[in-house]
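The structure appears right after this line, and notes come after that.
The values are calculated or read from the model by the stated rules, or taken from the named source; none is laboratory data. Computed from a predicted model, the values in this text were never measured in an experiment. Backbone-built Cβ (ideal geometry, glycine too); neighbour counts: all protein chains shown. Please note that ligands, DNA and RNA were not included when accessible areas were found on the heavy atoms of the full protein model with its side chains. Shrake-Rupley method; radii C 1.70, N 1.55, O 1.52, S 1.80 Å.
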Amino acid sequence: MKIVFLGPPGAGKGTQAVDLALEFGIAHISTGDMLRAEIKAGTELGKLAQSYIDAGNLVPDEVAVDIIRHRLKKDDAKNGYILDGFPRTVPQAEMLEEMLKDMGTALDRAIYLEASEEVIIERLSGRRICRECGKIYHTTNMPSRSPGICDLCGGETYQRPDDQPDAIRQRLQVYQEKTADLIQWYADRDLLTTVAADIAREDTYKELSELFEQLK
Ligand code: AP5
């Protein structure tokens, strides 16, 4: 099963992908998570990516494509995967299509998680993430049991620098300018399914889980 998750920042792509990947035994591949890991490790790639990410801009296409090209060759991607945050531009989608063709395969579905701008801003502003294990929380929608402490590993939770108001505004603008076109791009290829994401997390999950069952 090879799935792409599309949708604006804060739609809940990461939240849903983590649980679905676990239930269906496939890999969750998030370019955002991989770039943040490079920043944390202080690598050259992390240094390059940080200024783009903190300002709410996209890293160059070649950087994102290169990361995915290496990641898809890893063993845990053999059973299938959810691509979360990739592709982000039409050139990235074209390069992914080409890359998969070279590997003798193709995407099964692009799933668009649809949510209004009002909901997205509220979600991004309250998001907190565990520094150690990456578990995603929200200060009011999905708080950890003790404020600032991860339920799973006891790590400290923090607010992403790009979840500050200026960066959120920039990310939403970049999404409209560069990423939103992908919805039509995948619809033109008969690969698009739209799922409501501005409802309760469990309701979106149920719909996604049923769809994944059909695609298995
Ligand atoms: P990335 O990490 O991919 O960020 P994003 O796409 O902006 O997505 P988010 O992680 O912000 O949102 P999400 O939809 O996963 O929402 P979440 O589940 O966390 O990318 C970051 C940056 O990296 C980019 O800006 C760019 O610079 C760079 N980058 C990454 N990929 C790239 C690429 N391919 N090309 C170029 N650059 C790239 O949920 C959000 C909040 O809402 C959480 O607090 C959660 O608890 C809450 N929530 C979720 N669902 C619900 C619900 N149903 N009800 C209530 N609350 C909910």
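Pairs linking a residue in segment 22-37 that is closer than 15 Å to residue 72 by Cα to a residue that is within 6 Å of the ligand (Cβ to nearest atom) and small (Gly, Ala, Ser), with Cβ atoms under 7 Å and 6 or more positions apart or on different chains, are 30/14; 30/85; 31/64; 31/85. Is there a residue in segment 92-108 that is in a strand (DSSP E or B), buried (at least 17 other Cβ atoms within 10 Å of the Cβ) and at pLDDT 95 or above? Within segment 92-108 (the criterion being in a strand (DSSP E or B), buried (at least 17 other Cβ atoms within 10 Å of the Cβ) and at pLDDT 95 or above), the answer is no, since none of the residues qualifies. The strands (runs of 3 or more DSSP E) located wholly in segment 110-216 that include 2 or more residues which are free of Cβ contacts under 8 Å to residues at least 24 places away in the same chain occupy 136-138. The set of residues in segment 111-128 that are more than 11 Å from the ligand (Cβ to nearest atom), more than 15 Å from the chain's Cα centre (by Cα) and either small (Gly, Ala, Ser) or open to solvent by less than 40 Å² (accessible area, probe 1.4 Å) (or both) contains only 116.
Can you say whether residue 167 is open to solvent by less than 80 Å² (accessible area, probe 1.4 Å), away from the ligand (no atom under 12 Å from the Cβ) and either aromatic (Phe, Trp, Tyr) or over 14 Å from residue 128 (Cα atoms) (or both), as far as the supplied structure shows? No, not satisfied. Does any residue of segment 49-56 turn out to be under 12 Å from the mean Cα position of the chain (by Cα), open to solvent by 30 Å² or more (accessible area, probe 1.4 Å), of a type in the set (Asp, Glu) and closer than 25 Å to residue 141 by Cα? So far as segment 49-56 goes, no, none of its residues is under 12 Å from the mean Cα position of the chain (by Cα), open to solvent by 30 Å² or more (accessible area, probe 1.4 Å), of a type in the set (Asp, Glu) and closer than 25 Å to residue 141 by Cα.
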